[in-house]
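Here the structure is laid out as structure tokens; the discussion comes afterwards.
All of the numbers you see were taken from the coordinates with simple rules; none came from a lab. Keep in mind it's a predicted model, so treat the numbers as computed, not measured. Neighbour counts run over all protein chains shown; Cβ positions are idealised from the backbone, glycine included.
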Amino acid sequence: MMEFNECGPAADPQYSLQEEEEEEDDDDDEREWRCTVDCINRSLLTPAAAASGELTGDSYNYAIQDTDVPGYRVIVHIDLDCFYAQVEMIRNPEFKGFPLAVHQKHLVVTCNYEARKYGVSKIMSVSEAKEKCPHVILVCGEDLTPYREISYKITELLEGFSPLVERLGFDENFVDITKLVEKRLQQIGSGGVPADLSVIDHVYGNRALNTADAKHVRLALGSQIAAEMRTAIYNRVGLTGSAGIASNKLLAKLVSGTFKPNQQTTLLPESIQDCMGSLMHPGQVPGIGPKTAQHLAFLRIGTIRGLQTFPLDLLEKDLGVCAAQRIHKLSFGVDDSSVTPRGPPQSLSDEDSFRRCSSLVEIRIKIESLLICLLTRLQKDGRTPRTIRLTIRRTSATNKWFNRESRQCPVPNQLMQKLNTEGVKTKCSIRVKPD
């Protein structure tokens, strides 16, 4: 893997230096959930009234949201449908209506819904996908450039609704629309909530909307804004997506996949316990990664209810105070983390498996192609990198990644000067020395 990092004159303090989403994360315990939840001072937690959505375990009580309704958050989670496949159908309109699967190396990374009808699914081998659907169209998705470009277009479009947009991978975004909802409430004014106010698409659990409940009204308005977002994405980019509307990031993400594709679901406060209880095991909670789930299983915690009722003091001894309190809160659907814009990536990276390389000459050619790709992206980005890093990960038959080595050095000033004056050339001079 080759990477330029710390782009720009100075690293923005509000963004952490992270490798781009497509790079494999060595620590996959919290891989999908990049939010953080601060340690809780239990002495400050006060039970809420049952009618307002109290979530009670055997150890402690948590209030799902502030009792101050005007501060009640409305969060939207946008999840683009079979993202890579949709991008390929936009690039090649003749693929529409036919089973299509996008693969990287020998695995299917996504497929459209026509292919899913034949049993093709993600993380399926290409050979198995062909067996299930012999006429499936297979597209190599190892070049992430088109997906990356459209992904950033989607995020930029959503920022037109709210500045608080947080990317989660290429195909997901959180949007905090609380202020936009408040603005629309002000537009309604003293005339009262319209009697015909309704939730767009689905309400989780088919609960009835109560227009006399201020939280219900805010979530209903949030569903209308979410529908406007999805319409804008389709009209301007041509992609469909599903959405979840709830009072925090955790719940919005959980319900966004309830009805797919191209639909949305709103979660009312009264259904939060039902939503959490519908999960089969703690590992399905965003923020509880595979390693933590395995540890919970070792403690004989295999259900959400089991995690909710497990003595918190014992959990703290086993996992540590912060981690224990965090996942305990998550099990109740409580997530205080804010929607945090990540800004432009602080590193640009590209990688290849080098599986077909058997000589130094072939390795040099592959590294040159990676470098040219990075330089092209760097030129479009416009910022100046500080360092370049080359990472090598070795594999074996028994252990996928058993060794990782990295070397980095400052980017020579003359390289950037040459790039700015001459542009990216199709040939680079690279020396590769054997160990």
Ellipsoid semi-axes in whole angstrom, largest first, where each is sqrt(5λ) of the Cα gyration tensor of segment 139-206: 34, 16, 9
Treating segment 83-142 as a set of equal point scatterers at the Cα positions, no solvent, please give the Debye-formula log₁₀ I(q)/I(0) at q = 0.13, 0.22 Å⁻¹. -0.25, -0.73
Sorted by Cβ neighbour density within 10 Å, fewest at the top, the residues Tyr204, Tyr152: Tyr152, Tyr204
Environment charge of Leu100, counting only residues whose C-beta is closer than 10 Å and scoring Lys/Arg +1, Asp/Glu -1: -1
As a footprinting exposure proxy, order Leu138, Leu299 by other Cβ within 10 Å, with the fewest listed first. Leu299, Leu138
What percentage of all Cα-Cα pairs in segment 207-321 are separated by more than 18 Å? 60 percent
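Take the alpha-carbon positions of segment 242-389, form their convex hull, and give its projected area averaged over all directions (one quarter of the hull surface) in nm².
If you wrap the Cα atoms of segment 242-389 in a convex hull and average its projections, you get 14.0 nm².
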Cβ-based exposure ranking for His328, His77, in which fewest neighbours within 10 Å come first: His328, His77
When the chain is fully extended, how far beyond the present Cα-Cα distance does Phe98 get from Lys117, taking 0.36 nm per residue of separation? 5.7 nm
Note down the magnitude of the dipole of segment 99-203 about its Cα centre, charges +1 on Lys and Arg C-beta and -1 on Asp and Glu C-beta and zero elsewhere, to the nearest 20 debye. 200 debye
Count charges around Thr265 for me, please; just the other residues with Cβ under 13 Å from its Cβ, Lys/Arg as +1, Asp/Glu as -1. +1
Can you list the lysines whose alpha carbon sits under 23 Å from that of Lys329, skipping same-chain ones fewer than 8 residues off? Lys215, Lys249, Lys253, Lys291, Lys317
May I ask for the net charge around Val120, where only other residues with Cβ less than 12 Å from the Cβ of Val120 are counted and Lys, Arg are +1 while Asp, Glu are -1? +2
From the Cα centre of segment 81-118 to that of segment 278-335, the distance in Å is 35 Å
Could you give the size of the charge dipole of segment 83-142 about its Cα centre, using +1 on the Cβ of each K and R and -1 on the Cβ of each D and E, expressed in debye and rounded to the nearest 20? 120 debye
Write out the trypsin sites (Lys or Arg not before Pro) in segment 100-134 meeting two conditions: DSSP loop, and at most 14 other Cβ atoms within 10 Å of their Cβ. Lys105, Lys117, Lys122
Output for segment 303-412: chymotrypsin sites (Phe, Trp or Tyr not before Pro) sitting in coil per DSSP, at most 12 other Cβ within 10 Å, listed by number, reads Trp401, Phe402
Could you list the trypsin sites (Lys or Arg not before Pro) in segment 298-354 that lie in coil according to DSSP, counting only those with at most 12 other Cβ atoms within 10 Å of their Cβ? Arg300
